[in-house]
Amino acid sequence: NQIKEIFNRIGEQKDFTIEPIKICDNTYQYRNKMEFTFSNRRWILKDEPENVKSDFALGLHIPGRYDKILNINNCHIQKDDANKILNIVKEHSSEMEPYDILEHKGFLRNLMIRHAENTNEIMVNIVTAFEDTKKLKSLTHNIVEKIENIKSIVNNITSRKAGVSKGEYEINLYGENFIQEMINGLTFNISANSFFQTNTKQTENLYSMIIDESNLAGNEIVYDLYCGTGTIGICMAQYVKKVYGFEINESAVNDAVINAQLNNIKNIKFFKGDLQNIFRVNSDTRKIQKPDIIIIDPPRAGMHKKTILDIIEKNPDKIIYISCNPSTQARDIKEICINNYALKKILPIDLFPHTPHIENIAILEK
């Protein structure tokens, strides 16, 4: 009902069908990535002891407060091993100074844990405000000693004041600087700062649904916009003539190239650049074939108007728009449909149990 209302009101769309929501079988321990924040400003709950340590927390933001962190011991939507890592890090880092988001001082900023569903490989990413690997040596040793399947421990360093976990550079503390995951029989490398869907089982369903809805004959040219580590394009490449992927994140593009090689996919090519202007400033993009299908999977904020105009100019027969934000998706689709396209179908999929968010696949045709 929410999706229908959003597309009627924001998208001004009337004549389309909505498929039943693809439910998620596992509503607990489904997330393959969680990010926690260190803070010296702990949010104290009413039933906590009066003498609780208030100047150290590792957990999640209180809604509406960027400066207060609720200390978390057990997150029910991540794996058991991830919760063990969370508590090991908490135990062995309490003497290190957490970052103060107001004063912009301190060492520990974020903890990111990735746990690959199908390969069981684990990555730990410790984000700090400055470089000091000696401080992290004991912590790294304890994680490796107590947790099996640790393939990667990295340290991202960021001096920026904004509360973002992506580092300005990265140091490898243990093992590789990536983990591997399997999606629908294909292998994918995932590095610390690359985007990867957070619900692996539902992602397998998502990609299968995209391929089914494409009605592929085998001779199609496909553009994969906001391609990330290349997962959608590589999954589709087996069934089409050629795929071209476009992505702004350099580490994601590097992963995408490796992922294509890992799976012996030779009919895919990736371009690094900002989709606001890549088709204007990158002369190589003007030499490639026009698309029959364009796949779009942008961030929550949706697409820039320049990108929408570029898509319309490319004039594909079909556009498949994937989004975790139906409001911006409906806004963008309204602009596309003004230009000789029609929204035919929406396929919702529950990628984020216990949240109000939903993933949408929208099918548009000329």
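Take the Cα of N215, step 7 Å toward its Cβ, do the same at Q261, and the gap between the two points is 3.9 nm. Over the range 207-357, with every protein chain in place, what whole percent of the accessible area is carbon and sulfur at 1.4 Å, could you tell me? Of the solvent-accessible surface of the range 207-357, carbon and sulfur hold 48 percent. Projecting the Cα atoms of P63, Y30, N40 onto the charge dipole of the range 11-73, computed from C-beta unit charges around the Cα centre, puts N40 farthest toward the positive end. With the charge dipole of the chain set up from +1 on Lys and Arg Cβ and -1 on Asp and Glu Cβ about the Cα centre, the Cα lying farthest toward the positive end among the listed residues P291, N177, T229 is that of P291.
Which listed residue (T128, Y99, P20) has the Cα farthest towards the positive end of the charge dipole for the range 1-135, taking +1 on Lys and Arg C-beta and -1 on Asp and Glu C-beta about the Cα centre? The residue sitting farthest along the positive end of the dipole is P20. Rounded to the nearest 20, the Cβ-based charge dipole of the range 111-173 about its Cα centre (Lys and Arg +1, Asp and Glu -1) stands at 240 debye. Normalised per residue, the accessible area of the chain is 46 Å², obtained with a 1.4 Å probe and no contribution from ligands, DNA or RNA. Averaging the sequence gap over all C-alpha pairs within less than 8 Å and six or more residues apart, then dividing by the number of residues, gives the chain a relative contact order of 15 percent.
Charges were assigned to the Cβ only: +1 to each Lys and Arg, -1 to each Asp and Glu. The resulting dipole of the chain about its Cα centre is roughly 740 debye. The angle between the Cα long axis of helix 305-314 and the main principal axis of the chain comes to about 40°, on a 0 to 90 degree scale.
Across the range 42-88, the mean sequence separation of Cα contacts (distance under 8 Å, 6 or more residues apart), normalised by length, yields a relative contact order of 31 percent. Placing +1 on the Cβ of every Lys and Arg and -1 on the Cβ of every Asp and Glu, with no other charges, gives the range 5-100 a dipole of roughly 100 debye about its Cα centre. As a fraction of the 1.4 Å probe accessible area of the range 41-158, surface on carbon and sulfur atoms comes out at 48 percent. A straight Cα-to-Cα reach below 18 Å connects K161 with the lysines K68, K105, residues fewer than 8 places away in its own chain not being considered.
The values are calculated or read from the model by the stated rules, or taken from the named source; none is laboratory data. The model shown is predicted, which means the values in this text are computed figures rather than measured ones. Here Cβ is always computed from backbone atoms with ideal geometry, including for glycine, and neighbour counts include all displayed protein chains. Heavy atoms of the whole protein, side chains included, go into the accessibility calculation; ligands, DNA and RNA do not. Shrake-Rupley method; radii C 1.70, N 1.55, O 1.52, S 1.80 Å.
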